[in-house]
Structure formats: C-alpha cells, structure tokens
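Here is the structure we will look at.
The values are calculated or read from the model by the stated rules, or taken from the named source; none is laboratory data. Given the structure is predicted, the values throughout are model-derived calculations rather than measurements. Counting neighbours? That spans all protein chains shown, and the Cβs are built from the backbone with ideal geometry, glycine included.
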Amino acid sequence: MSHIVRSPRFRSRSLLAAAVAAVFAGAMAPAQAAAPFAKFQAPGFYRTTLGDFEVTVLNDGTLDLPVSKLLKQPEAKTKAALDKSFLKEPLQTSVNAFLINTGSKLVLIDTGAAGLFGPTAGQLAASLKASGYTPDQVDEIYITHMHSDHVGGLASKDQRVFPNAIVRAGKQDADYYLNQANLDQAKPDDKSAFEGPMVSLTPYVKAEKFQPITANGELVPGIRSQFNGGHTLGHISYVVESKGQKLVLLGDLLHVQSVQFDDPNVGIVFDTDSKVAIKERNAAFAAAAKGGYLVGAAHLSFPALGHVRTSGKAYQFVPVSYTQPR
C-alpha cells in the first residue's frame, strides 16, 4: 500500500478547516439551559461562647409580617422606617431559639413555630441537627411565652419532640393558654391562640414533664428567669451569666428592630397590654445599654445577638460580627 505524505502546510489548512467547522456546529447546536435557582439557605445556626458556656442560636425560618398594620403607629411612619433600613413589606421576620450548653445542662429557650405558621418556618429541627445536637440531648426547655411561634416545635403528631426534656414556662401563661374553657369561649378567629399551645404542651403535661415558673429565680446554675409581662401575662426573659459575661434573651419584648430601637414606645397588636410591654422594653434597652451585655430575641434578624447603645433618646442595635467560638 502506498503512503501519501501530507505537507505541513496542508495539515495546517486541514486543522483550521476542522476548527471553523466545530465553531459553526456549536453555534447551531441548542444552548444548554441555565442552572435553576436553588431558593434555599443552609440550615441556620450561629455559635459563640459566653464565659464557660456555649451559646448556639437556632433559626426556625421567617414569618412574613405586614408590620405597618401591626405596629401601633401611623402606617406611613412604619413604612418610612422600613425604607430607611432598605426593607419592605411583608417583612421577613426571623424566628429564633437559643441553645445554652452550660457544661452540665443543655437548655433550649423557645422552640420556634414548627408547622403552626406555614411553610416559611419549621426549620428548627434541621438547624439543631446541623449544629451537632439531637433532641434527646436537651435537658430543659424554657419558654418565654406561649404564643405558637415559640412553642410549636415542642411536639409533632401529639408526641414530644424532646423526649428527655423538662419544659418550663410562666404559670400565668399556662393557666391562660392551656385552659379549655378559654378555648371554648374564644371567637373562631382567636381559637388558634389556644390550640397551638395546647397541642404543643399537652404531651409534656401528660408525661409530667411540665413545670410552671411562679417567680424570678435561678432555674439551673447560670440561667435565671425574669418576669416582664405585657406581651403576655406570664412573659419571661431569661438571663444567662458565666464568668462575668451576660446575655439577656428578651423574648418578644420587641418584634421590629428597624422601628422599636428608634422608638421603644411603639407597641404591637400582639401585646396583651402594650403599656406594660412598652415600659418593660424601655427598661430592658436602658439596662442593656448601661450594662454593655449581649441581648438576643426571637425576632431580631438572625443570628439575633448583639449589643444596645443609646442614640439620643433612642437606641441602636449593634449586631455581633461573625466569629469562630474559641
């Protein structure tokens, strides 16, 4: 068989022709579809230390709130405050819980909404797992108050989610929200306010795992209750202290940080008694600003920890920076 020897010049032309043909073929081929939007976040937890304690903030998701219709001030004023913070309605409002590891006890403060407030919440279990803990490790659960977005994560299908935990909450809230007569007498639109707590707490009550809190005091070493009614009759903040460091978990003493730090005198329709809630909020902000300690709250934007400082007659919230626990 004879061999045809191609000159280098011929080979160059052949390679060029092949490259041009490939380009045209690619241009005529259908384009690959762009990757779809993922539309989800990583499980939400943030961890820091407080003295000898480990503090883990667990995010349960968000609630879309029409805050201009909920806050007790002119709607235009609320919308102006949101605009100033580059926010809009409905306001995606965080739902957070706080896990305190004291070294001897694992204490969860609030449990999120679970399925009681729709599909944008209910992520606490995933956040807890991602943070390295499991529900059976939780020793104690302290509830700031018995609104459904704070107790919903306690139970699932009439079963205790935290099988080894003692649950504690204010006796006044328990007497009100766990009272069948109050549910029976409530208007149809108000019945869910009782149904959520009943579904969530009843498994613990039946298992004799519920203990009402009747007075301020230490619950476990380093964590104590501090009653401050107004939002509900038995609303409680929890004070965490270790090695001279302090964190106060405010519960629902505030809901909209872009409004209520600038003006603590703005109430919200969820309050049982806004006058009392406003008094307690002002006192809490003043004490935090003077003391320089950390505060956290269920509806502060995740990770929901920071400091309070005065700004004339108003206050400013200074969120924590991202850090690695040491």
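Taken over the stretch 138-161, residues that are buried (at least 18 other Cβ atoms within 10 Å of the Cβ) and either among the polar types (S, T, N, Q) or part of a loop (DSSP other than H, G, I, E, B) (or both) amount to 8. Among the residues of the stretch 302-326, the ones that are part of a loop (DSSP other than H, G, I, E, B) and either crowded, with 19+ Cβ neighbours inside 10 Å or in contact with a Cys (Cβ under 9 Å, 6 or more places away or on another chain) (or both) come to 3 in all. The listed residues are 113, 125, and the only one of them that is at pLDDT 95 or above, among the small types (Gly, Ala, Ser), crowded, with 24+ Cβ neighbours inside 10 Å and within 16 Å of the chain's Cα centre (by Cα) turns out to be 113.
Can residue 189 be described as more than 19 Å from residue 142 (Cβ to Cβ) and at pLDDT below 95?
Values: more than 19 Å from residue 142 (Cβ to Cβ): yes; at pLDDT below 95: yes.
In short, yes.
If you filter the stretch 65-110 down to residues that are more than 14 Å from the chain's Cα centre (by Cα) and hydroxyl-bearing (Ser, Thr, Tyr), you find that the one that is surrounded by the fewest Cβ atoms within 10 Å (Cβ to Cβ) is 104.
Residues that are of a type in the set (Gly, Ala, Ser) and modelled with pLDDT of 95 or more were ranked within the stretch 22-69; the one that is nearest to residue 117 (Cα to Cα) is 61.
Report those helices (runs of 4 or more DSSP H) wholly inside the stretch 162-267 carrying at least 3 residues which are touching a Leu at 6+ places or on another chain (Cβ under 7 Å) and crowded, with 19+ Cβ neighbours inside 10 Å. So that I can check it myself, show each step before the final result.
Values: elements: 171-177, 180-185, 192-206, 257-260.
Helices (runs of 4 or more DSSP H) meeting the threshold: 192-206, 257-260.
Taken over the stretch 309-326, the criterion of being within 21 Å of residue 95 (Cβ to Cβ) and touching a strand residue (DSSP E or B) at 6+ places or on another chain (Cβ under 7 Å) is satisfied by 317, 319, 320.
When the stretch 38-64 is limited to residues that are out of contact with any Lys or Arg (no Cβ under 8 Å at 6 or more places or on another chain) and β-branched (Val, Ile, Thr), the one that is nearest to residue 249 (Cα to Cα) turns out to be 48.
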